[in-house]
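Chemist: Before I ask anything, here is the structure I am working with.
The values are calculated or read from the model by the stated rules, or taken from the named source; none is laboratory data. Predicted model, so just to flag it, every value in this text is computed and none were measured. Glycine also receives a Cβ, built like all others from the backbone with ideal geometry; neighbour counts cover every protein chain displayed. In case anyone asks, the SASA skips ligands and DNA or RNA and just uses the protein heavy atoms, side chains included. Shrake-Rupley method; radii C 1.70, N 1.55, O 1.52, S 1.80 Å.
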Amino acid sequence: MEMATPVVIDDGCYATKFGFAGDGAPPRTFRTVVGTPRAVDAEKRIIVAERALENISSLQLHYPMKRSDIMNFKYMVPLWEHVFEHLDLETRDQAVLLSHYPTSRQNPLSIAEVFYETLNVPHLHIANPAELALYAHNRDTGLVIDIGHSTCYVTPVIHGRFLEVFMVDIAGVHITDYFSRLVNKRESGFFSVPSANMVKEKLCFISSNYESEHSTCDAEILYELPDGQVINVKKKECMQAPEILFTPSLCALKRMDLPRCVRTHIFCEAKEYAGALYNNILLTGGTSLLPGLSERLQYELAKVAPKDVTVNVSGMCNQFAPWMGGSMLASSSVFLEKFCISKEQYSEEGYFLAPQPLPPPPYWAKSAMK
């Protein structure tokens, strides 16, 4: 019997992206959150994704992922099941490509055990999101900077295989929290973190010359929230909040700034490939969509990079690049044979990753990434 079209899942701390292999459109998404009833005598059922957020007053919310670690499979499994329910599929019929960063908490075997033994999938491939992001852009070598909700990952990829993944604890949630504090310090009303996140995505930007622009900018913006509340936001707050990517001390974070993280990681883990990595830097993740980020990062990296290399930060940011790369790979004719581990293989040998050269991207890849 011919295997059904594989399902591609990119599980993030903020949102889970999913869809069918070969889909050129952006993936479907839902929030990576579940809820359980607060009432002591209530039935302990698990409510998932947006339905949990809609009933927040009666539910205790649980976020099963933190810094790409799955903190509790009890809450993660219902979200994976929700993917198949949303697509109206049976898990036993579907091969799965899962985009997931390797972490200290889980090795692929612990995740594979859940997919094979609990979800009962017949074929599974766990892929590194950085490799998939480059693949989506028809590259096999480069430095992927994935700036997501709670964590930023800096990953060198050489000839389609990732080296050590470097984790930077400055990402979207830190910008949102700082933005909320900046506005609340001045505004008499309460500017909640969810509201701050919404306004951040609309108004925040990376300044090309922070010191000069921040000191001379006095413009104000009135922004109406969905509940009708009007927030007075200063333009200098919109540039100050995301500036922590370059100056973490602004919000008292004792961490290395993003350009120095990149320089340090390349020097320590991939010095011999420095030229190729600096010349092929790809931004992905939701926070990478901040206007001005690629230009500013290129400018700052040029100041700290070796003098004999060319710095090139791609301005073609796509927050769904890992999922798109997964969609392309899973639609390949060799996906099941060369990349997936079958349930029978898992039962006999366990889960293992056998390095394979990635096939040429499909004909529709270029238009899909526009």
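Chemist: Mind counting the residues in the range 230-278 that are in contact with a helix residue (DSSP H, G or I) (Cβ under 6 Å, 6 or more places away or on another chain), of a type in the set (D, E, K, R), under 15 Å from Val183 (Cβ atoms) and touching a residue at least 40 places away in the same chain (Cβ under 8 Å)?
Modeler: Within the range 230-278, residues that are in contact with a helix residue (DSSP H, G or I) (Cβ under 6 Å, 6 or more places away or on another chain), of a type in the set (D, E, K, R), under 15 Å from Val183 (Cβ atoms) and touching a residue at least 40 places away in the same chain (Cβ under 8 Å) number 1.
Chemist: Ok, one more. Go through the range 263-287 and count every residue that is outside any strand (DSSP E or B), open to solvent by less than 10 Å² (accessible area, probe 1.4 Å) and out of contact with any Leu (no Cβ under 9 Å at 6 or more places or on another chain).
Modeler: Total meeting the criteria: 1.
Chemist: Sort through Lys343, Lys338 and tell me the only one that's charged (D, E, K, R), touching a residue at least 60 places away in the same chain (Cβ under 8 Å) and open to solvent by 40 Å² or more (accessible area, probe 1.4 Å).
Modeler: Only one candidate qualifies: Lys343.
Chemist: Just one of Gly148, Gly160 is touching a residue at least 24 places away in the same chain (Cβ under 8 Å) and closer than 26 Å to Val193 by Cα; which is it?
Modeler: Unique residue meeting the criteria: Gly148.
Chemist: Which ones in the range 86-113 are under 22 Å from the mean Cα position of the chain (by Cα), over 19 Å from Gly22 (Cβ atoms) and open to solvent by 20 Å² or more (accessible area, probe 1.4 Å)?
Modeler: Pro102, Thr103, Ser104, Arg105, Asn107, Pro108, Leu109, Ser110
Chemist: Spot the failing condition for Lys44; the list is (1) within 14 Å of His82 (Cα to Cα); (2) open to solvent by 90 Å² or more (accessible area, probe 1.4 Å), and only one is missed.
Modeler: (1) is the only condition that Lys44 fails.
Chemist: Being open to solvent by less than 60 Å² (accessible area, probe 1.4 Å) and either out of contact with any strand residue (DSSP E or B) (no Cβ under 8 Å at 6 or more places or on another chain) or aliphatic (A, V, I, L, M) (or both) is the filter here, so list the residues in the range 156-168 that pass it. Give the derivation first.
Modeler: Filtering the range 156-168 for residues open to solvent by less than 60 Å² (accessible area, probe 1.4 Å) gives 156-158, 160, 163, 165, 168.
Listed by number, the residues that qualify are Val157, Ile158, Gly160, Leu163, Val165, Val168.
Chemist: Of all residues in the range 214-254, which are assigned to a helix (DSSP H, G or I), among the β-branched types (Val, Ile, Thr) and open to solvent by 50 Å² or more (accessible area, probe 1.4 Å)?
Modeler: The answer is Thr216, and nothing else.
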